[in-house]
Structures are given as C-alpha cells and as structure tokens.
Amino acid sequence: MQRTIRALVTGALIGALFATLTAVSSTEPDADLADTRPGRAVVLEVDGPIGPATGDFIVRGIEGAEESGAVLVILRLNTPGGLSASMRDIIRKILASRVPVATFVSPPGSRAASAGTYIMYASHVAAMSPATNLGSATPVSLSPGGLGGDRPADKESDDIARDGERADDENDEARDRKASREDDPAATKPGTAMERKAINDAAAYIKGLAELRGRNEAWAERAVREAVNLTASDALEQNVIDYVAKDVDDLLAQLHGRKVSIDEKEVTLETDGLAVEVVEPDWRTRVLSILTDPNVAYVLMLAGIYGLFFELSNPGALFPGVLGAICLVLAFYAFQVLPVNYAGLALILLGIAFIAGEAFMPSFGVLGIGGAVAFVIGSLILMKTEAEAYQLSMPVIVAVTAVTALFIFTIVTLAIRQRGKPVVSGREQMVGGTGEATDDFAAGSGTVLIHGEHWTARSHGSVERGQKVRVRAMHGLTLEVEPIEVEK
C-alpha cells in the first residue's frame with residue numbers, strides 16, 4: 001500500500017514538473033519572432049530639481065533599459081537645476097550606458113537650467129521642444145549672487161563665441177582677446193580662490209562633455225562663467241543641441257538613422273516603429289524624494305531628538321523613544337545624501353542641549369536663550385548649497401523656533417513661580433512648621449503630629465497633650481519644639 005502511495009506521489013511530482021517546464025518553454029519567445037518584434041524606447045520623466053531621488057530614478061531607469069534590451073532611453077527633462085553630486089552621478093551613468101541616451105527638454109515651457117545643461121551636454125542626443133530654454137550653468141554653492149564678476153567681456157569676442165564660427169582667423173582673434181582679458185585683473189573673474197576653483201572646475205567639466213559629444217564648447221564655457229541662456233532655435237543654430245522636436249514621436253522620427261558612439265563603437269539608431277514606454281517615478285523614488293526634502297529631514301531630526309529627550313526624561317514611556325529613534329535614523333539617512341553643513345548641524349544639536357539644560361537646571365533664560373540663538377543660526381546655515389529647492393524654508397525655521405521659544409518661556413515662567421512658593425519637603429519644610437503634641441512631654445520629650453506624621457520631639461518647656469507647638473530645629477530624626485502660647 002505504501003509503495004502504491006509513494007509511486008502515485010512520485011508520478012504526480014514528475015507530472016507537475018513536466019507541466020511547469022512546458023509552460024515556461026511556451027512563454028519563451030521564438031528566436032526568429034524576437035528578431036522581428038519592434039524595439040522599445042524608454043521615456044524617463046524628470047520634472048523638478050536634480051537631487052538624490054532624481055539621480056536614483058535615472059540611474060535605475062537606465063540600468064533597467066539596459067537589462068530589458070531597450071533601443072533608446074529618453075530623459076524628458078524639465079528642471080531648474082539641483083545638486084552637483086546628483087548631477088555627476090547621472091552624467092557618469094549616461095557616459096557608461098550601453099544604451100543611447102537622448103535628453104529631451106519637453107513639453108513647451110520647460111527648461112534645462114544649471115545641472116540640466118550639463119546633462120544635456122553629456123547625452124548622446126540633445127533635443128528641445130519649441131518655447132524651451134537651457135543655460136545658467138554657473139555653480140552658485142559659494143555665493144548667492146553667482147560666482148562670476150560683473151564686468152562684461154569684450155563684445156566682438158562675445159559675438160564670435162555666440163555665433164560659434166570656426167574660421168581659423170576668427171578663432172585666433174578670439175584667443176588673443178581672451179588672453180588679453182585674462183591678463184587684465186579687472187576682467188570677468190570670480191573674487192576668491194575658492195570661487196575661481198569652483199568656476200574653473202565646472203567650466204572644464206562641461207567643456208570636456210562638449211568635446212566628447214562634438215558640441216559648442218565656447219558657449220558651454222560662457223554658460224558656466226556668464227550664466228547665459230539659449231532658446232531651442234538658438235541652441236540648434238549654435239550647435240548646442242542636435243534637434244528641435246515637438247514631441248517624442250517627432251524626435252524618434254528625426255533620430256532614425258543617426259549614428260552615435262557607444263563604448264567607442266559607432267551605432268546607428270533604428271527608431272522607426274519603436275514602441276514608447278513611459279516610466280514615471282515609482283514608490284521608492286517618491287519616498288526618497290520626501291525623505292531628502294531638507295524641510296522634512298529637518299523636522300524628522302527635531303522629532304527624533306525631542307522623542308529621545310522625552311523618553312530619557314520619562315523612562316518606560318516607550319512610544320516617544322521608539323518614534324524618536326526611527327525619525328532620527330531617517331533624518332541621518334537624508335543628511336547623508338544631502339549637502340549638509342556640519343557646523344550648522346552641530347549648532348542645532350548644541351542649541352537643543354542648552355534648551356534641555358534649561359529644563360533641568362533653570363538658569364532663568366541664559367541657557368534657553370543661548371540655545372535658541374544657536375538653534376536659529378544652525379538652521380540657517382544647515383544646507384551647504386544655494387540651490388533653491390534644497391534650502392530650508394524660512395516659514396519652517398520660524399515655526400520651529402517659535403515653538404522652541406514658547407517651550408523656553410514656559411520653563412522660565414514655571415521656574416520663577418516655583419521660586420516664590422514655600423518649600424514643601426525636607427528640613428526647610430519642617431523648621432518653622434506647626435503641629436500638635438500627641439501626649440504630655442515627660443522629662444522634656446514626647447511625640448508630636450506634624451504634616452500628618454508622628455515625630456519624636458523635645459522641648460525646654462512643659463508641653464501638654466493637644467497643645468500647639470512650633471518646630472525650632474531638627475536634629476536627625478528628633479524635632480526641637482516650643483509651645484505656642486494661646487492668647488486669651
């Protein structure tokens with residue numbers, strides 16, 4: 001019987017395995033059929049500042065396109081700029097991509113400012129819709145007003161750079177004038193050594209990308225040093241972009257037959273009949289974009305610190321401690337990928353420590369006010385970038401500071417009120433207090449009832465049971481009392 005059951009089970013398992021293999025083999029595409037199927041163009045939607053979440057989305061999108069065998073990746077871009085570190089991560093991925101990447105500033109009204117301009121120059125194909133613009137690529141992390149000087153460059157040399165003419169005599173003339181400007185101390189140059197370092201690094205970086213893709217190097221340098229901008233038609237005329245297209249279908253039609261370089265090999269794009277797959281940010285990108293919002297990270301950090309503070313003040317509460325620990329870990333993760341000024345972070349932590357000290361050691365405002373000042377200054381300088389999208393919002397700082405100030409004011413008010421109240425415990429409470437004798441004092445000693453407690457007491461005068469007494473001193477656990485004379 002057992003052998004029969006064992007044979008039936010074995011046969012069922014073999015049948016199930018065979019059915020699974022048959023189903024898997026039937027789902028695999030035929031080699032000849034796969035060759036005749038149209039390829040895919042993956043469109044990655046990027047609408048907003050370039051930051052850690054955007055960088056992660058683009059990098060994963062390109063990797064997914066490589067793994068799925070897509071023919072082309074299109075970054076449909078609309079950005080005011082963003083963080084340099086995230087921009088460079090994106091550019092490194094584009095340069096190493098095994099799939100051609102076309103950056104398309106679209107729809108009309110969009111822009112590829114600052115970091116978007118660098119990404120345009122790094123892409124295998126650069127295109128724009130009508131009524132779009134790019135430029136303003138000057139790094140602004142060191143100076144709110146930009147790093148370049150205010151004096152305009154020589155007009156004729158600017159015209160040569162703007163027109164992008166390549167005649168030998170005009171290039172020689174432009175180089176001569178550029179050299180004369182560099183010799184002039186008052187020419188257009190950033191003010192400090194750090195500013196010059198940032199400007200020159202950015203200029204060399206974008207010129208290298210322009211040289212790699214065969215685009216206008218002179219204008220690229222001007223976009224960095226002078227923050228100039230171009231419309232779509234002007235960019236096409238000056239060899240900054242490759243195409244002006246109305247939409248993705250128009251771009252694919254124009255790209256058919258174009259040759260691009262992938263891994264130092266020339267590849268001809270076959271974009272006729274490509275299926276378009278639009279990829280929007282997934283839940284991971286959305287969560288990451290929320291966490292890496294400086295205002296959210298700032299509030300998470302404060303919630304974490306205050307949660308741990310209340311947990312340590314009230315051991316066993318659990319909920320504030322658990323919630324605070326989670327918020328603090330999430331805040332530290334966000335600060336890891338954001339351009340945080342650690343001096344600002346240290347000032348915030350110092351300010352919170354002073355405010356907590358005010359709660360435990362009331363200094364009538366000295367610690368609290370000092371902590372609030374350190375807290376505000378740290379909040380203002382917390383983010384080490386001038387990119388507007390990654391700055392702390394002033395309303396958030398004001399709101400948090402107001403709550404902190406209210407907390408300090410409450411602590412100081414309670415401390416002042418408490419100072420005016422009589423002592424309610426300890427030796428100070430007993431001395432001067434009144435009670436009642438519970439028996440006749442024999443040999444000058446007996447017991448008294450005071451504050452609801454029976455105490456051993458002694459007196460230099462006679463004390464009768466029920467007589468009111470006042471405590472004069474306290475010696476260990478023995479009270480020295482005197483009878484209270486009752487007026488008749």
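The values are calculated or read from the model by the stated rules, or taken from the named source; none is laboratory data. Keep in mind that what you see is a predicted model, and the values were worked out from it rather than measured. Cβ: placed from backbone, ideal geometry, glycine included. Neighbour counts: every protein chain shown.
The residue pairs whose first member lies in region 240-263 and is on the phi > 0 side of the Ramachandran plot, whose second member is not in a strand (DSSP E or B), and whose beta carbons are closer than 9 Å, counting only pairs six or more residues apart or on different chains, are G257/L269; G257/E270; G257/T271; G257/D272; D263/A96; D263/R98.
Put simply, of V244, V299 the only residue that is more than 30 Å from I355 (Cβ to Cβ) and not acidic (D, E) is V244. The residues listed here are A387, A405, A374, A399; of these, the one that is closer than 29 Å to N295 by Cβ and either in the same structural domain as S462 (by TED's automatic domain parsing) or modelled with pLDDT under 70 (or both) is A387.
Please verify whether E264 is modelled with pLDDT under 95, of a type outside the set (A, V, I, L, M), surrounded by 13 or more Cβ atoms within 10 Å (Cβ to Cβ) and farther than 21 Å from S84 by Cα, treating the condition exactly as stated. Criteria not met by E264. Restricted to region 268-289, and to residues there that are surrounded by 12 or more Cβ atoms within 10 Å (Cβ to Cβ) and hydroxyl-bearing (S, T, Y), the residue that is farthest from F335 (Cα to Cα) is T271. When each of I119, I90, I62, I94 is tested for being under 13 Å from V279 (Cα atoms) and not basic (K, R), the lone residue that passes is I62.
Of the helices (runs of 4 or more DSSP H) lying entirely inside region 1-112, those carrying at least 3 residues that are of a type in the set (G, A, S), surrounded by fewer than 22 Cβ atoms within 10 Å (Cβ to Cβ) and modelled with pLDDT under 50 are 2-27.
Being part of a loop (DSSP other than H, G, I, E, B), at pLDDT below 80, of a type in the set (A, V, I, L, M) and farther than 30 Å from T292 by Cβ: is that true of V424 here? When the stated conditions are applied, V424 passes them.
When you scan region 106-121, do you find a residue that is out of contact with any strand residue (DSSP E or B) (no Cβ under 7 Å at 6 or more places or on another chain) and closer than 27 Å to K265 by Cα, even just one? Yes, that holds for at least one residue. Filtering region 211-229 to residues that are under 14 Å from G116 (Cα atoms) and in contact with a helix residue (DSSP H, G or I) (Cβ under 7 Å, 6 or more places away or on another chain) leaves A220, A223, V224, V228.
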